[in-house]
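First the structure, in the form of structure tokens, and then the observations on it.
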Amino acid sequence: MKRETQAVRGAGDLEKRNGPMSTPIFQTSTFEVADNDEQVRLTGSDHYYTRYGNPTNTIAEKTIAQLEGLDAALTFASGMGAITTTIMALLQNGDHIVAQRDIYGGVNKFLSHWLPKMGIETSFVDTADYDQHARVIRPNTKLLYIESPTNPTLRVVDFKKISALGKQHGLLTMIDATFGTPINQRPAEFGIDIVMHSGTKYLGGHSDLICGAVAARRALIERIWETRTTIGNCMDPHASWMLVRGLKTLAVRVARHNENAQRVAEFLSDHAKVRSVHYPFLTSHPQHALARQQMTGGGGMVTFEVEGTAEDARRVTEAMRLFTLAPSLGGVDSLVSIPVLTSHLMISAEERARMGVTDQMIRLSVGIEHADDLIADLEHALEAVSSPEHVHVG
Ligand SMILES: Cc1ncc(COP(=O)(O)O)c(C=O)c1O
């Protein structure tokens, strides 16, 4: 089945000839059994105890696995839960990780502050410098961790190169593919082992739930499942039902996000008060050719720098009406945020400079409203940038 069909029908039972059209919510913590033999048989299934699994969660998980073209998937209470549980499941004391420098701030914090407590070290490398990735690999390196496109700079990582490096050194490769969505890119087709999403964003799609998902080959998923069950990082069935409902419209939403974001990025590129625009499907993007090879759409995220000061960036975001000032992304409603005041607030100024995250940067999560209205909102808001004679550089 094509992705559009998988998103809508993928995990449903197409053979069933009766019953509800919508996925039932198994809003239960536990499951009754006929006798103790059955009790033992069902241990570890999705009809035992909801921390282990739940049929509503199973539908979401099967749909995500199909969309990613991987054996199996698991859902978690949040995107961070998906990342932390997966890494704790697959690595142990004494192991080493190679991770890109520009990854989501929460992951950076987990790798640099939490994992050392468990005896796991991370070397951070420049995102597009694959020689540097290779140079820091040690005998105890177990995992290559990437994010693509990156937040908020929208750099695109070469999946083929990362996968080849992983195979050459016997490492697992893991991607945070939240910005890419399984509609615009399928990293597993390029050999990436573990594909993770903050389902809070595009998979749910309506800014109304928090969840995470990980897809991989079955043997890895079994190990991650053991850890998820022990740590208790499972998703509530009601939230799973909302995720399943969101997934049904993923393909149509992403198509519209792609179209709108392309128009917004082109508009911003021509604007005198805009210094730079970051969007993978703009021809000016440094990895535009790579983005076209491994993605079928540029996605809904656009980042730009105002031709002015940090104060100008604040004024622009506060002058917007349709783009709502809020962290997060991937929902049908357009959102705007300033990375240095949100996702990257906890990262030092020097580290931000190395990532290319500036004080003038504004990140847009372009929603599915009409592009004309979004552009009109930006046009109006950019009037808040001071005229050049009032700009204080520095
Ligand atoms: C790229 C990316 N990865 C992971 C996360 C964490 O996901 P969650 O907030 O669902 O824990 C976020 C959240 O903003 C994100 O933007």
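Readers should treat all values here as calculations from the given coordinates under stated rules, not as data from a laboratory. Keep in mind the model is a prediction, meaning the values are calculated, not measured. Counting neighbours? That spans all protein chains shown, and the Cβs are built from the backbone with ideal geometry, glycine included.
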Of 308, 237, 191, which is farthest along the charge dipole of the chain in the positive direction, counting Lys and Arg as +1 and Asp and Glu as -1 at C-beta? 191
Candidate lysines - alpha carbon under 16 Å from residue 62, same-chain residues fewer than 8 apart omitted: 2, 248
Shape metrics for the chain, restricted to C-alpha atoms - Rg then Dmax, Å: 21.5, 81
In whole angstrom, the spacing between the Cα centers of region 239-264 and region 361-382 equals 17
With +1 assigned to the C-beta of every Lys and Arg and -1 to the C-beta of every Asp and Glu, and no other charges, what is the dipole magnitude of region 251-390 about the Cα centre in debye, to the nearest 20? 520
Please give the charge dipole size of the chain, origin at the Cα centre, charges +1 on K and R Cβ atoms and -1 on D and E Cβ atoms. Round to the nearest 20 debye. 880
Packing-based order for 269-276, 219-226, using average beta carbon neighbours within 10 Å, highest first: 219-226, 269-276
Return one quarter of the surface area of the convex hull spanned by the alpha-carbon atoms of region 21-131, equal to its mean projected area, in nm². 10.6
Using only helices, what value at 222 nm comes out for the chain when you add -39,500 (n - 2.57) per DSSP H run of length 4 or more and divide by the total residues, to the nearest 500 deg cm²/dmol? -11000 deg cm²/dmol
Quick check: Cα centre of region 319-344 to Cα centre of region 57-102, how many Å? 26
Loop-resident GluC sites (Glu not before Pro) in region 273-328 with no more than 13 other Cβ atoms inside 10 Å, DSSP not H/G/I/E/B, are none
Excluding residues fewer than 8 places away in the same chain, name every one of the lysines whose C-alpha is closer than 23 Å to that of residue 117. 109, 142
Within the set 43, 296, 150, GNM on the chain using Cα springs under 10 Å gives the largest fluctuation to 43
Got a sec to turn the phi values of region 362-370 into Karplus ³J(HN,Hα) couplings, 6.51 cos²θ - 1.76 cosθ + 1.60 with θ = phi - 60°, whole Hz, x for Gly and Pro? 10, 10, 10, 9, 7, x, 10, 5, 6
How tilted is helix 55-68 with respect to the longest principal axis of the chain? Cα atoms for both, answer in degrees (0 to 90, nearest 10). 50
What aspartates and glutamates sit close enough to residue 201 to cross-link, taking a C-alpha to C-alpha distance under 13 Å and skipping anything fewer than 8 places away on the same chain? 176, 333
Rounded to two decimals, the Rg over Rh value of region 154-193 from Cα coordinates and the Kirkwood Rh reads 0.96
Dipole of region 251-390 (Lys/Arg Cβ +1, Asp/Glu Cβ -1, origin at the Cα centre): which of 342, 375, 297 lies farthest to the positive side? 297
Provide the percentage of antiparallel DSSP beta bridges, counting only those with both residues in the chain; round to the nearest 5. 55
Could you rank the peptides 277-285, 162-170 by their average count of other C-beta atoms within 10 Å per residue, with the highest value first? 277-285, 162-170
